[in-house]
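Have a look at the structure below, then the notes.
Just so it is clear, none of the values below were taken in a lab; they were calculated from the coordinates. None of these values were measured; they are calculated from a predicted model. Because the Cβ atoms are built from the backbone with ideal geometry, glycine has one as well, and the counts that use them run over all protein chains shown.
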Amino acid sequence: MRILFLLFPLFLLLVHSAAGKRGRGRRKHDKCVRRGGFCAVGGCRFPYKYVGVCSALSHCCKPIWG
């Protein structure tokens, strides 16, 4: 029963540190939207061009004519 008192603060520390990591990807997504683009998984297909990175697996794409 005493171990629960030790595990609970450890759990809170893990949750607290994981919460801050989500913000970085969100900022990249917002930057892409401000550029007039959107995040696409994989690559940008025609008629869109590559303008940046949203995450490790998604790229920021923007219309060629826009």
query: At a Förster distance of 35 Å, what's the computed FRET efficiency of Ser55 paired with Phe5, Cβ-Cβ distance as r, to 0.05?
result: 0.40
- line: Under 5 Å from the placed amide H of Lys49, counting only residues 5+ away or on other chains, we find Lys62, Ile64
